[in-house]
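*Asks:* Take a look at this one; I'll ask things after.
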Amino acid sequence: MATSLNTAPAPMLHLALYQPDIPQNTGTLLRLCACLGVSAHIIEPAGFDASDRNLKRAGLDYLPLVSLTRHLDWQAFHTWARAGGHRLVLASTRASEPYTAFAFARSDVILLGRESAGVPETVHEAADARVTIPMRPGLRSINVAMSGAMILGEALRQTGGLTQVD
């Protein structure tokens, strides 16, 4: 079951956070979604409460402006995505395709894993596509909020979403 918290106009792209566990990164990503007109999805359980002050500090006064849906669990989110015909594009350090070489579509859902552990194998396998951010050898990962911003920016550029935001 999905619970829609805000009634902002339906955006073209979606950003989904799989069981986020750092409230500051979640707040930053929600603020990004508000600014760019992208809907956000939180796949529960999150590692913090929605009233967390760090979430609110990072999200500033933008949080009420986000089109945000919280999904009870992975299955509820996956059911929602399939019913809407959305393609799940997972950001993963295990992917081989650079996000800049991937052809994004207007109805894609960019899926980000937990900061501490990524996503389980079942979620990895359920993704329709997997993209990575090329990095220097020997380095593990980029902060999830930074990764989300980079990939979302490219997806919006490709789909024309940066030219006009409602």
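The values are calculated or read from the model by the stated rules, or taken from the named source; none is laboratory data. Just so you know, these numbers come straight off a predicted model, no measurement behind them. Here Cβ is always computed from backbone atoms with ideal geometry, including for glycine, and neighbour counts include all displayed protein chains. These accessible areas exclude ligands, DNA and RNA; they are computed on the full protein's heavy atoms, side chains included. Shrake-Rupley method; radii C 1.70, N 1.55, O 1.52, S 1.80 Å.
*Asks:* Starting from the stretch 87-108, keep only residues that are in contact (Cβ under 8 Å) with a residue 12 or more places away in the chain and among the acidic types (Asp, Glu), then list their pairs with residues that are in a strand (DSSP E or B) and open to solvent by 70 Å² or more (accessible area, probe 1.4 Å) whose Cβ atoms are within a distance under 7 Å, requiring at least 6 positions of separation or different chains.
*Replies:* Note: pairs meeting the criteria are GLU97/ARG130.
*Asks:* Does SER92 qualify as being open to solvent by less than 70 Å² (accessible area, probe 1.4 Å) and of a type in the set (Ser, Thr, Tyr)?
*Replies:* Against the criterion (open to solvent by less than 70 Å² (accessible area, probe 1.4 Å) and of a type in the set (Ser, Thr, Tyr)), SER92 qualifies.
*Asks:* Continuing with this model, one more query. Within the stretch 56-77, can you find the residues that are among the hydrophobic types (A, V, I, L, M, F, W, C), under 30 Å from GLU121 (Cβ atoms) and open to solvent by 50 Å² or more (accessible area, probe 1.4 Å)?
*Replies:* Within the stretch 56-77, LEU72 is the sole residue that qualifies.
*Asks:* Do we have LEU156 as more than 19 Å from PRO45 (Cβ to Cβ) and either in contact (Cβ under 8 Å) with a residue 60 or more places away in the chain or touching a Gly at 6+ places or on another chain (Cβ under 9 Å) (or both) here?
*Replies:* yes
*Asks:* Does the stretch 132-143 include one or more residues that are farther than 16 Å from LEU17 by Cβ, open to solvent by less than 30 Å² (accessible area, probe 1.4 Å) and part of a strand (DSSP E or B)?
*Replies:* Yes, the stretch 132-143 contains a residue that is farther than 16 Å from LEU17 by Cβ, open to solvent by less than 30 Å² (accessible area, probe 1.4 Å) and part of a strand (DSSP E or B).
*Asks:* Something else about it: Would you pick out the residues in the stretch 74-98 that are within 17 Å of MET150 (Cα to Cα) and among the small types (Gly, Ala, Ser)?
*Replies:* The answer is ALA91, SER92, ALA95, SER96.
*Asks:* Next question. Give the residues of the stretch 98-140 that are more than 15 Å from the chain's Cα centre (by Cα) and among the polar types (S, T, N, Q), sorted by residue number.
*Replies:* THR100, SER116, THR122
*Asks:* Please indicate, with yes or no, whether at least one residue in the stretch 108-122 is on the phi < 0 side of the Ramachandran plot, in a strand (DSSP E or B) and of a type in the set (D, E, K, R).
*Replies:* Yes: one or more hits.
*Asks:* Sort out which residues of the stretch 100-114 are among the aromatic types (Phe, Trp, Tyr) and surrounded by fewer than 22 Cβ atoms within 10 Å (Cβ to Cβ), and write them in order of number.
*Replies:* If the condition is that a residue be among the aromatic types (Phe, Trp, Tyr) and surrounded by fewer than 22 Cβ atoms within 10 Å (Cβ to Cβ), then PHE102 is the only one that fits.
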